[in-house]
Structures are given as C-alpha cells and as structure tokens.
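The values are calculated or read from the model by the stated rules, or taken from the named source; none is laboratory data. None of the values given here were measured: they were computed from a predicted structure. Heads up, the Cβs are rebuilt from the backbone with ideal geometry, glycines too, and the neighbour counts pull from every protein chain shown.
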Amino acid sequence: MALREGPTRPLMDVWFKNDQQGIIVGVFGMILKTSDGGKSWVPILDRIENPNGYHYYGISRSGENLFIAGEMGILFRSTDFGETWEQLILPYEGSFFGVVGNPQGTFVITFGLRGNVCYSMDGGEVWQHKSVGRSSFSGGTWLFDDTLCLVAVDGAIYISPDKGETFKLLSEKFPSVIAVAQSDNDELTVVGLNGVKKINFEK
Amino acid sequence: MAESGSSSENLQVQPDDENKHSISVDQDISLGNDQNYLNGAPFMERLLFSRRAVFLTIFIIVTLFLGYQMFQMKPEASYLRMIPTYHPYIKNFLANRVNLKALGNSVRICVETTEGNIFTKEYLDTLKKITDEVFYVPGVNRGSLKSLWTPQTRYTEVTVDGFEGGQVVPRDYDGSQESVDQVRLNVLRSGEIGAIVANDLKSSIIIAPLEDIDPTTRKPLDYLEFSKKIEAIRTQFQNDTIKIHITGFAKIVGDLIDGSTRVGLFFLIAFFILLFLLWFNSRCIKSTAMRAISSIAAVIWQLGIMRLFGYGLNPYSMLVPFLMFALGVSHGIQMFNAQAREMLDGADKLQAARLAYRQNYIPGLAALFTDCIGFALLMTIRIGVIQDIAVGATIGVVVVAVTDLMFLPILMSYSGISDKTIELIGKRSAGTNHPVWVFLSKFAERKYATLAVVLAVIGLLGGTYLRKDLKIGDMDPGAPELRANSRYNLDNAYMNSTYSSSSDVFVVMLDTPPIHKSDYTVVVATQLLKNKLLTLKGVEDVVTHVDFIQQLNSALAEGNLKWVALPRSKVTLENLTTKIPENFMPLDSKITPIMIFLDDHKAETLERVVSTVEEFGSKYDTKDMKFLLAAGNAGIEAATNIEVEKSLMLLTILVYAAVFLTCLITYRNFKSALCVVAPLTITSVLCEAIMTKVGIGIKVATLPVIAVGVGIGVDYGIYIYNKLIHYRNEQGHNLKTAYYLTLNTTGRAVAFTGITLSIGVATWAFSPIKFQADMGLLLTFMFLWNMVGALVLLPALVHFLIKDKKGVKELKSLIKE
C-alpha cells in the first residue's frame, strides 16, 4: 500500500540504533525499517497495532526502551528495538507531537497539544500528566547534564532540571520553533519556520 | 557713427541709432508724419485697429463667458491618469483588477493610545465609537469593515476536540475588568498582533474597504468628500490620549486635492509680485493695468477652454496657467517696450500701438511657436497627466498669442503710456554706461569669450559626470506624491514601524485556469518563485496562496508545525485550496496574487524584483501557468519607472531636434543655430546634475521640465541673437558694441522675461505636493540659468563662430526690431 501511494505521506521522525539499523515513522501509521544504513526501507506496519491509522509524530529511545508517540494520545513501547510493540494507555487523550527520554531510562516524557505533557520515571509503567503553558509543544531534547528542554510553537523554551517537577521558561523566544539541540555547554540551537538561532541559557 | 575698434573701454554710440531699431530691411518707416505710417500696414493690423472697439467688446464678452466656465472647474485626481496605462504591466493590472481583491481599495484608520496599551475600557469604548462612525461614512463597504469590534474578527484555537473559536470582543462584553482581560486573551490567540493590533499593543487599526461606485449616488466615489468625512472623524476623536493615523489610497487622493487648492494662493502671490515688478519697471499704472488684464485674460481663457473640452483641474494641469501667465507677461513687455519707443519718437498712443504691433507680431508668433513645440512634443509620452499638460499648454500658447498680440495692443491703444514713463525710458536707452551691460558686453570679446566657453565646457563635463547618478523614480518612503513630513507620510511611517506590514506592495499575478490552481507543479513553482524573491535585497516578505495551503494543512493537523508543508496528494491540495479565504483569492478567478512586501520603492529594489520575475517567467511559464507583472503600488511604480526612463531619452532628443531644426530654418545656417541652442544643453545637463544632488529622481512630474525649460528657454537666444546680428551686420558695429546695444534694448527684456518666468514657477516650491515643488524648483533653475546662458555664452559663441558678417543669412521678415 505504501509503495503504491508514492511519496504522499509525510514522515515525521527517525531513530537509529547504530549506523545500519533504524526506524522512521510518519502519518497515517506509516512505519519503516532499514538495516543498511538507510539505502533501503521496508514497511513494518504489521508489527504495530494501529487500526485507525493514527499519525506517529515521534520516536525516541530511553534506556532499553523505544517509544513511539502520536495523534490522539497514542503511545507504543518496544523493548526489543522495534521488533514488537505494545500500546500504553496514558492519562491524556490529546495528541502528542513528540517523545524524549534520558539515556539512563529513568525519565521519558511525551509532549503535545496545548502544553500537555505526560512523563514516566519507571520506563513507562506509571505516567503523570501535566499542563505547561498554553501553546502546543513541537520539540524537545535531553541536555548534557540530565536536564530536559522542550520548545513550543509560540516560541517558548522550557528547561526542567528536576525530571518534570518544575519547568522554567527562558526569556528568549523563537516563534514557530520546531526542534532544539544542545550545541554547547550553555548554548542551544533552535530551528523552525523562521530559520536557525543560537540561544544562551543558564540552568 | 560708431567706431569699429577692436577693443574699447568706452563705447561711443550715437543715441540716434536707437531709433533705427524699428526699421525693417525693406521698408523705411519714418515717424512724425501724420498718416504716412498707415502705408504698408499689414492686413492683420488694419483689420484689428480699424475695428478695435468691436474687437475689444468681443474680447470682453469672451473673457466673461470663459470666466464663468472656469469657475465651474473642480479639482480632481484620477489615479489612472498618472500611470502609463499603455505599458504591458499596467495593462495586465487593469485587465485583472476585478480579481485582485487582496489589493483592495481601502483606508486604514489607526487609533493609538498614548497612555498604556489598548486593553482598557476607555480605549475599547473609543474604538467602538469610531468604528461605528466609520461604518456610516458613504462609500465604506460595510460588510467588510474590520476592527477589533467587528464580528468577523475572531480567534481560533486548536483543541483536543478540534477547533474552538469566537469573536475577539465577545457578545457579552460589559466593560468590566474580566471582560477586558478576556479581550486581551482573545487578541493574543487571534493572530491579529502585527496585523490590526500593533506589535507594541498601543494601537489598533480599523480597515475600511471602499466601494468604487458609491451605492447611494450610483456615481464613482467622490474622494474629496470621503476624505473630508474621514478627517472629521479624526478631528472629533483626537485628544490628549488618543491619536489617529490614517493611510490608504483614498486619503492620498483627498490630500492631493486638498493641497491643490492652495495652489490658488500661490497664483495670487506670483500675480502680485509680477504686477509689482511691471509697475516698478515702468512706473506707469495705466499700462501695467492693461498688461495685467491681458495676462489674466489669457489664464481665464485657457482654463475656460479646457473646461469646455471636458477637462478638470488635476495637480499637474493646474500648473499650466502659471506658465501661461508668465509667458503673457514676458511677451507683453516686448509690446510695451516697442510702444514706448514709438511714443518717445512722438507717435500718439494709437499710432504707437499700431507700430508696436507691426514690429512684434511676427517675432512674437515665432517665439510662441517655439514655446509651443516643447509642449506639443509632450504628447509623445503616453501618460494621461502629461498629455493633459501638453493639451493645456498648447491651447494656452494659442491663447497667449491672441491676448498678447491682439487684446493687449488694443488695450494699450486706448490707455497709452504715461509721459513720465516715456521720459524714463528715453533716459535709459540713451545711456551708454549702464554698468551691467558694459560688463556683459565684454563677453563678446576674445578674453572674456574664452573664459565663458571654458566655464561652459567645465559645466558640461562636470554636469555630465554628476548626472550619471541620476535616479529614476522616487526614493523617499511613503506616498511619493506628498512630502516626507506631510501628515500622511508621518502616519504611514508610524504604522509601518509598529505593525508587521509594509506599505510598498508589489503584486505578481499568477495566471492559471481555476482547475489548475491546485496542481502540484503550479504550487511548487509558486513556492520556488517565493523563495527566490525572499533572497533579494529589499524584499521583506512574500505571501502566496501556497502559504495559505501550508498553514491550512497544519491547521487541519492540530496546528502541528511539521505539517506546514506542501502535500503532494492532489485530493488534499484541492481540498485545501477551497479553504483559502475568498477575499485573497476568489476560487473561480484565473488570477492568484503573489504579494511581495518591500522595504522601499527605490528603483533598484523594483528592478531587482522585475528582473527576477521576468527571468523566472521566461524559464517556467507554460500555457496554463504564467507569472504576470504587475500590480500593487510598487508594481505600478516599477512600470512607471520603466516608461519614464524610456520617455526621457526620447523626449530630450525630440525637443532638441525640434528646437535646433527651427533655428536652422530660421537662420539657414548651422553655426547660428548652434549659438542659440548650445547654451541650452549646458542648462539641461546642469539641471540633471542638480537633481542628483538634491535627491529628485526622473518621474512623471519631472519629465515635462525638459520640454518646457528648453522650449521656452530658446526664446531668449532668439531675441538676443536676432538683435545682435542686426546691430553688427546691418548697422556695422563691432561685436562688442553691437552686443552692448542689444543688451540695452533686448537685454533688459530678456532679463525681465527670465525673472517673470522664474517667479511664475518658483511659488510652486512651497506646495505641499512634492512633485509640484520639484517641478517648480527645476523650472526656476532652468529659466534663470537659460537666461544667464543666453546673456553670457551666446555672445561668446558668436564671437568665435560667426566671424564672417556677410556669411550670415537671416530670414529677413523675422528681423524687424
């Protein structure tokens, strides 16, 4: 089906285990896998149960778990790097636009519509729900020193050094930001519809 | 007899020579006899003077009739007449105007609070009242009126359940703090910040789209009335804490018409100054009054005739009467001088008037003819207002010919000239040591002539070097028709700085059949053009229907920014296209606008956009997808710049060719024509050099300056050259003496002409309308400098070029002074 449609279905996020193996996810439940560093891709929709074809918006690893978050509050977890997937039920039913977790596996957070976030400190068993700001979150990253950074569509940038307990809003904004990465000890680089910007921050 | 020494400090000239000026080569009119002078009177003279009472009555009746017509004239300002409607870009615009709703003819009323921000009960109350007042102004399209208070101003938000939305000012608004806070929240959610709410939150805008046809009167919108009503609203609501700024094309037109009415005041000032000068020069009230009457008659007739032909008064054509008045005054001086000299010789007022007529009507006609050429050539420029000037001025010149060469002589034959004045003139002509003329006559000799030529060459080279920086179009921000510190432009600057919009909009029209609008190729091509345009210096932003498609795509996916992209699925594209707002892109129209917002409307910026789009179009246009230029005020200006630049070259060549040819025909000698025309070229070049220094570009208003400056400027040269040759060749004086004599007679008239013409146009420099001020400045310079050129450079050129007295032939009937 995917091949017949041709390139009409946008792809939303990508994850690589190493330089050969990776998974890419997209709208209407599209999920593809590669074993040759991206030269060729194979659909693996049969491994994941998404009968309504909800969009996948984010794929991210935290510890030994792989998470996919998407539309209408869906969240899938894989413990075997994408071979099998189980759906988890979260306390929020609105759409998630991304998921991010720490390398140790002790914190994973999904973020999405109108400032809603859900996070778990035990690999996805127990989840909490919070509302941070009013604007939908569009991206996030884990910073060097075990700190979370989330960005929202109105340009707000949040830092949480305490695993979601508190969120601090940076004074500098970058409207229509889509993604963030840490480029230096005290510097973030953000990208979005208005281009690229470097932002200094303190914890 | 005069000495013909090579150089002499003292000029020795017998006063008797002065009387001989009235001799034509063939006939000898001796005066003092009673009726002999009637012999040899040409037909026109006999006709005119034998029935002078009849003609006088006719002229008075005509003046009254045309005066009545003149008072019916209304000021007008038609946009279409100021742009080159034959240019392909403008043709594209006019053909597709109906579909370009996004451009809209609207007025923006910005209500600013100087205390705090707009989220207060007081501000919102005031805004509501103003919105209501604007609603009732005739000509406003009520259904499309937009402000914070209108129901169409809404916020929408994406929620779990889909879209949520409402009016920014909710129906249950009650002025309480909660209500006001709610409005604040809604504004933040509405996306209107930067659009109708300022970025600094200190003002908001009421957008009032206008109807082209006033629904109540069924006639085209009366811009002046509309502007007045809007101004009344401004006056009503402005106070210590509320300031109102208004922009929009209708306001520009209103301000133009308003500024034009002050032109009448300038005319009065010029009139009185000239009247004073005439009196001061002659000290004769009678003849001054007669000359004033005939010159005013010229203005009345010109305007009356224009009205009969259906013309109104636009900011360009209303300047023509000034020129006609000045021309009338300057030609009237020739008549006056001639009559005075005859009366000095003993003729009575009727005789003197007849003789003056006899001497002047042919040279007068010839000079007016050359004036006319410059104006007539303006018809080659296909811009309405310039052609209006051409028609108005050509009619004006014919009118001046009748008033100066028929009406005035008759009037002067009744009034005569006072004896005191005759005496004064006698004394002046007899003098041989008038210091200014003595100094100027040096330019006929080698030393000073060389100096004059050297200075001329320096001027020519310097001017040519400077003029390479000559710019086309307008370089100042805001409405180019008005001054930088005019209220309109200050308002415009305020709105540009506090809102995320620019007032310089260049629109490219994507021409594609409605079914192809959502084709992927069309959509991608549009985006590609947008990206190219965004890289250009001077382009602030570009809005296309593709932006709407992308934003709608994202909106339908809960506002996820990753969806702000072009879908490839045909079904999706079609679906999204139907949701694009109708007032940006009517669904069934074959024109989709690409709106380019610019930093400025300088010629370089416009050229960059034009060449980028032309190049893109030539590469990618297909039968079903064409990127057409141009619309929007910046687009129209680009087309106007192109047309003006082309016309400048053409017009300059034509004017000089025509003037040179006329001189060639007159003198049948290349060198003679050169002497007369060469000083004009230096003035033209220097004029353009001044334009670069002062920051005036070549535009619709400055184009006629060349034609008018040269066409009228050549008069001086003709008068002086004729006299000079007459004194040297026919009376046998050396050049220096001949020139002194020329100066003593014609020179004073030439100087007077230069000054009267300059005063006629100089008052425009105070006009609130920038292009009138520019024209005034440049024409003043040209008239004065042409005068200097004729007085200084012409004799120098004659000294070097016309050495052989016998080699010069003149058209004999033209030399009768």
Count of region A:66-80 residues which are surrounded by 21 or more Cβ atoms within 10 Å (Cβ to Cβ), within 14 Å of chain B (Cβ to nearest Cβ) and not acidic (Asp, Glu) | 4
Confirm whether B:GLY538 is at positive phi and either of a type in the set (A, V, I, L, M) or away from chain A (no Cβ under 13 Å) (or both).
-> yes
Return the residue satisfying two criteria in turn: it lies in region B:548-571 and is among the basic types (Lys, Arg) and in a helix (DSSP H, G or I), and of such residues it is farthest from the other protein chains (Cβ to nearest Cβ).
-> B:LYS570
B:MET509 vs. criteria away from chain A (no Cβ under 14 Å) and modelled with pLDDT of 90 or more = yes
Is it the case that B:GLU574 is of a type in the set (D, E, K, R) and within 10 Å of chain A (Cβ to nearest Cβ)?
-> no
Filtering region B:136-154 down to residues that are surrounded by fewer than 18 Cβ atoms within 10 Å (Cβ to Cβ) and either in a helix (DSSP H, G or I) or touching a strand residue (DSSP E or B) at 6+ places or on another chain (Cβ under 9 Å) (or both) yields B:ASN141, B:ARG142, B:GLY143, B:SER144, B:PRO151, B:GLN152, B:ARG154
For B:ILE712, indicate whether it is in contact with a strand residue (DSSP E or B) (Cβ under 6 Å, 6 or more places away or on another chain) and of a type in the set (A, V, I, L, M, F, W, C).
-> no
Among residues of region B:506-539 being under 25 Å from B:LYS570 (Cβ atoms) and in a strand (DSSP E or B), the residue nearest to the chain's Cα centre (by Cα) is B:VAL508
Which of the residues spanning region A:81-93 are within 14 Å of chain B (Cβ to nearest Cβ) and either more than 19 Å from B:GLY162 (Cα to Cα) or surrounded by fewer than 19 Cβ atoms within 10 Å (Cβ to Cβ) (or both)?
-> A:LEU90, A:PRO91, A:GLU93
For region A:134-149, which residues satisfy the criterion of being touching a residue at least 40 places away in the same chain (Cβ under 8 Å) and within 14 Å of another protein chain (Cβ to nearest Cβ)?
-> A:PHE137, A:SER138, A:GLY139, A:GLY140
Just one of (1) within 26 Å of B:SER554 (Cα to Cα); (2) out of contact with any helix residue (DSSP H, G or I) (no Cβ under 7 Å at 6 or more places or on another chain) trips up A:GLY124, so point out which.
-> (1)
Considering region A:38-65, residues that are assigned to a strand (DSSP E or B) and within 23 Å of A:LEU113 (Cβ to Cβ), and then whichever is nearest to the other protein chains (Cβ to nearest Cβ), we arrive at A:TYR57
Within region B:497-526, the residues that are among the polar types (S, T, N, Q) and either surrounded by fewer than 18 Cβ atoms within 10 Å (Cβ to Cβ) or within 25 Å of B:VAL700 (Cα to Cα) (or both) are B:SER497, B:SER500, B:SER501, B:SER502, B:SER503, B:THR521
Inter-residue pairs, beta-carbon under 8 Å, first closer than 17 Å to B:PRO409 by Cα and in region B:54-73, second modelled with pLDDT under 90 and surrounded by 17 or more Cβ atoms within 10 Å (Cβ to Cβ), 6+ apart | B:PHE55/B:LEU48
Hey, B:GLY709 in a helix (DSSP H, G or I), small (Gly, Ala, Ser), under 22 Å from B:PHE783 (Cα atoms) and modelled with pLDDT under 85 or not = no
Inside region B:136-166, can you point out the residues that are within 14 Å of another protein chain (Cβ to nearest Cβ) and aliphatic (A, V, I, L, M)?
-> B:VAL158, B:VAL160
Give A:ARG4, A:ARG9 a once-over and let me know the one that is within 14 Å of chain B (Cβ to nearest Cβ), surrounded by 13 or more Cβ atoms within 10 Å (Cβ to Cβ) and at pLDDT below 95.
-> A:ARG9
Residue among B:VAL546, B:VAL542, B:VAL507, B:VAL564 that alone is farther than 22 Å from B:THR622 by Cβ and not hydroxyl-bearing (Ser, Thr, Tyr) = B:VAL564
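For (1) modelled with pLDDT of 85 or more; (2) in contact with a Leu (Cβ under 6 Å, 6 or more places away or on another chain); (3) among the hydroxyl-bearing types (Ser, Thr, Tyr), each residue gets a yes or a no:
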position	(1), (2), (3)
B:LEU651	yes, no, no
B:GLU688	yes, yes, no
B:GLY697	yes, no, no
B:GLY713	no, yes, no
B:TYR727	no, yes, yes
B:ALA751	yes, no, no
Which residue out of B:THR592, B:THR622 is surrounded by fewer than 15 Cβ atoms within 10 Å (Cβ to Cβ) and within 13 Å of B:LEU510 (Cβ to Cβ)?
-> B:THR622
With criteria (1) within 14 Å of another protein chain (Cβ to nearest Cβ); (2) under 25 Å from B:GLU164 (Cα atoms); (3) not β-branched (Val, Ile, Thr), A:LYS130 comes up short on (1)
For region B:116-135, state whether one or more residues are away from every other protein chain (no Cβ under 14 Å), crowded, with 20+ Cβ neighbours inside 10 Å and outside any helix (DSSP H, G or I).
-> yes
Search region B:358-387 for residues that are on the phi > 0 side of the Ramachandran plot and pair each with any residue that is outside any helix (DSSP H, G or I) and surrounded by fewer than 18 Cβ atoms within 10 Å (Cβ to Cβ) when their beta-carbon atoms are under 9 Å apart and the residues are at least 6 apart or on different chains.
-> none
Quick one: in region A:152-179, which of the residues that are in contact with a Cys (Cβ under 9 Å, 6 or more places away or on another chain) and β-branched (Val, Ile, Thr) is farthest from the other protein chains (Cβ to nearest Cβ)?
-> A:ILE159
Just name the residue that is surrounded by the most Cβ atoms within 10 Å (Cβ to Cβ) out of those in region A:100-112 that are away from every other protein chain (no Cβ under 14 Å), of a type in the set (A, V, I, L, M, F, W, C) and in contact with a Leu (Cβ under 9 Å, 6 or more places away or on another chain).
-> A:ILE109
State whether one or more residues within region A:114-121 are within 14 Å of another protein chain (Cβ to nearest Cβ), touching a helix residue (DSSP H, G or I) at 6+ places or on another chain (Cβ under 7 Å) and among the hydrophobic types (A, V, I, L, M, F, W, C).
-> no
